Structures are given as structure tokens and as C-alpha cells.
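*Asks:* One structure, as C-alpha cells, below. Some questions next.
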Amino acid sequence: MIISKTPFRISFFGGGTDYPQWYLKEGGAVLSTTIDKYCYIACRILPPFFSNKYRIVWSHIENVNSAAEILHPAVRAGLRYLGLDMGEGMEIHHQGDLPARSGMGSSSSFAVGLIHALTALRGQMVSKHDLALKAIDLEQNHIQENVGSQDQVAAAFGGLNHISFNTNGDIRIEPVTVSARRIKDLEERLMLVYTGTSRLSSEIAKQTIASFDQKQKVLQRMSAMVDEAIDLLNSNADMDDFGRLLHEGWELKRSLNDAISNSTIDKIYRTALDNGAIGGKLLGAGASGFMVLYIPPEKHKNVRESLSPYLHVPFRFENDGSTIIYYSPKD
């Protein structure tokens, strides 16, 4: 049995510029971090005496005789992508610390964790860079989802990173070297709030991509904010400027597509601001899921109480990225 452990991410700045439809023309950049909430995928060769060849456990339990019958799109495409759809039977189990379709990059964490586990099952090691590229290829070209390229990179590498997307297709990952005190100051000011809803992001992303030609100045500004945020973290400037930058970024993101926000999200955000938050944003493509808020520590209690109908999820940054936490290929 092989078990992979792959983190979820929070994207601070530059989201939207990581879609190939944009960065292959204009270039792009993202500032993101992974957090200590994970996607776990366990897989093993299924013994031959089972009546079905494949057993896939996620929000459904699937027992089927061919990979083509598998309902989970990433598993079905992933087995084919890695050439494992015609071999021995297989059992794959998924468990996650956070709900799917909630803006935390869960589909990409799943893709990264699945590829990592399946390549390990074949007795192969894959670098973090290749793991990210394979997950991007799987999601964008084989499943044909409308997804960007930042989530796969974040999940594979882990940590607080400046991710650059070049017009030639190259992707560069630079860890943000910030003092431990500065990182702790940022962590202490962030709050993760679950709005209690989920959605399929591909359609919202499709609408956002369609608006790129009309939103060039917005996307250019969103990309430039990445360097501003990194400069801020590497200085002695007031950390609250990070929150103000998040607020500006959220206003820009909302302007890309009317479907990104809605009255519920707007109300949550306004309530947070009225009770002490300085900035924040909805994570992911939009419309639902998790919101990250920047709040001075002395205001956390006020904001948490004002948003009491919604779940507050404590977290910390993590640096490991996707890892194999159990390896026993003969199990």
C-alpha cells in the first residue's frame, strides 16, 4: 500500500494570471502558501480474488471491472494517463481534511496526490517539478477542466512561494525567504472561514477566462501586486498593509466576472470589515467555499463572533508539499 499526503493552498495574489490562456501571452505571477490541511490518497494492487477489478472510494464507493467505468474523472483519466488502466486491479481511497469544491485547490491537490501515489506504486520517484507538470497536464489536457496552473505547483512544492508563469510556458518557483517572526505575524492575522457552500468551479473559470481581453489592466495590476506583497513581507512596513493589499486584490478579482461573488459572500465580507478585518478574499474561482480574512490579532474575537454562523478553521502554513507517508508496495 502507498499513501500520499498533499496539502491544500491559500492563494494571496495573482490568481487569474496563472491560466495558460493569459500567461502564454502576457506572463503571470502568484503568491501562495500551503497549509496544514491535507488530501490523503491510499492505493494498492487489488488481490485477484476480488470480484471487481477496481475499487474507488471517495464521496462514492465504486466497484467496477474496467477503468473506463470509473466515475471519478481524475482517477479514470489518471490511470489512463499513467498507463495503469490495462494492468492489475487497483484500490484507491481518498480522504480530505477540507471539503471538495471549496476554493482550496482541492481538485489539484487530488491530482498531485494521485499521481504521486500511483508512480510510487510502480516503484518510481518523481520530482516535485515533474509532479506539478504532470498534474497540470492531467487536469488541463486530459480531464479538460478550466483550471489554472498555480494549484498543482503549490500542492507539489509546498511552502510560501512566488510562482512565475512565463510566456514560453516555463514555470519558476521561488520560496519567499521571510523571517520566522514575520511569517508568524502574518499567520496570526489570518482567519479561514467556511461559507458553508461548494460549487463546480470550471464554469465560473470559463466565464472569467472569456473576459481576459477586456480585463487586461486588471490582470496586469493583479500580477504586479505579487511583487508588492513580497517587498512588504521583506521589509519592516506595517503588516496591516498586507491586509489592505488583499482588499484591493479582492475588489479587482470581483470585477473580472459578476459570478465570482454574490450577496452571501458580500455580506460575510462586509460583516468582517465592520468588525475589524482590514482585508480578505474568497479563495478559488468564486461564488462559494472558503474566505481568508486579514484581521489584527486584537480584533479576531470580534470578527469570529460576528461570523458565528460560519465555521472558523484554524491553520498554520506548511512547507513539505506532497509527500509519500507510507510505502509498502507488497501490501
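*Asks:* Which of Lys206, Lys134, Lys267 comes first, and how do the rest follow, when ranked by fewest Cβ neighbours within 10 Å?
*Replies:* Fewest-to-most ranking of Lys206, Lys134, Lys267: Lys267, Lys206, Lys134.
*Asks:* Then there's this: Could you line up Val30, Val57 from fewest to most neighbouring Cβ atoms inside 10 Å?
*Replies:* Val57, Val30
*Asks:* Percent of Cα-Cα pairs per 10 Å bin, from 0 to the last occupied bin, for the chain, please list those.
*Replies:* Reading upward from the zero bin: 6, 27, 34, 22, 10, 2, 0.
*Asks:* Per the Kirkwood treatment, what hydrodynamic radius in Å, one decimal, follows for segment 179-248 from the mean inverse distance over all distinct Cα pairs?
*Replies:* 14.8
*Asks:* Comparing Ala237, Ala117, Ala154, which has the greatest mean-square fluctuation in the GNM of the chain with Cα pairs linked when under 10 Å apart?
*Replies:* Ala237
*Asks:* Going through segment 61-156, which GluC sites (Glu not before Pro) have at most 16 other Cβ atoms within 10 Å and a DSSP loop state?
*Replies:* Counting only loop positions with at most 16 other Cβ atoms within 10 Å, the GluC sites (Glu not before Pro) in segment 61-156 are Glu88.
*Asks:* Taking the dipole about the Cα centre of segment 180-316, with the C-beta of Lys and Arg at +1 and of Asp and Glu at -1, give me whichever of Asn262, Ala277, Pro296 is farthest to the positive side.
*Replies:* About the Cα centre, the residue reaching furthest to the positive side is Asn262.
*Asks:* While we're here: Would you mind ranking Glu26, Glu305 so that the residue whose beta carbon has the fewest other beta carbons within 10 Å leads the list?
*Replies:* Result, fewest neighbours first: Glu305, Glu26.
*Asks:* Show that you can apply the helix-only estimate: for the chain, add -39,500 (n - 2.57) for every DSSP H stretch of four or more residues, divide by all residues, and state [θ] at 222 nm to the nearest 500.
*Replies:* That comes out to -11500 deg cm²/dmol.
*Asks:* To continue, here is another question. Give me the Å³ per residue figure for the convex hull around the C-alpha atoms of segment 68-136.
*Replies:* Residue-normalised Cα hull volume stands at 100 Å³.
*Asks:* A follow-up question, please. If I model a spin label as a point 7 Å beyond the Cα along the Cα-Cβ vector, how far apart are those points for Asp36 and His60 in nm?
*Replies:* 3.6
*Asks:* Projected onto the charge dipole of segment 58-111 (+1 at Lys/Arg Cβ, -1 at Asp/Glu Cβ, origin at the Cα centre), which of Val64, Gly78, Ser108 gives the Cα projection farthest towards the positive end?
*Replies:* It is Ser108.
*Asks:* Okay, next question. With 29 Å as the limit, write out which pairs from Lys134/Lys184; Lys25/Lys281; Lys25/Lys253; Lys5/Lys25; Lys184/Lys301 have Cα-Cα distances beyond it, or answer none.
*Replies:* Lys134/Lys184; Lys5/Lys25
*Asks:* What is the sum of charges around Arg76, taking Lys and Arg as +1, Asp and Glu as -1, for the other residues whose C-beta is under 12 Å from the C-beta of Arg76?
*Replies:* Value of the local net charge: -2.
*Asks:* Moving to a separate point now. Starting from the Cα coordinates of segment 180-316, work out the convex hull volume and express it per residue in Å³.
*Replies:* Considering the Cα atoms of segment 180-316, their hull volume per residue is 107 Å³.
*Asks:* Starting from the Cα of Glu26, step 7 Å toward the Cβ, then list every residue of segment 168-190 with an amide N under 19 Å from that point.
*Replies:* Within reach of a label on Glu26: 168-172.
*Asks:* Which residue fluctuates most in the GNM of the chain (Cα springs below 10 Å): Ile173, Ile61, Ile183?
*Replies:* So, out of Ile173, Ile61, Ile183, the one fluctuating most is Ile61.
*Asks:* Place a +1 charge on the Cβ of each Lys and Arg in segment 129-275 and a -1 charge on the Cβ of each Asp and Glu, then give the dipole magnitude about the Cα centre in debye, rounded to the nearest 20.
*Replies:* Value, rounded to 20: 240 debye.
The numbers here are math on the coordinates, done by the rules we state, and not lab data. All figures in this text were calculated on a predicted structure; none of them were measured in a lab. Heads up, the Cβs are rebuilt from the backbone with ideal geometry, glycines too, and the neighbour counts pull from every protein chain shown.
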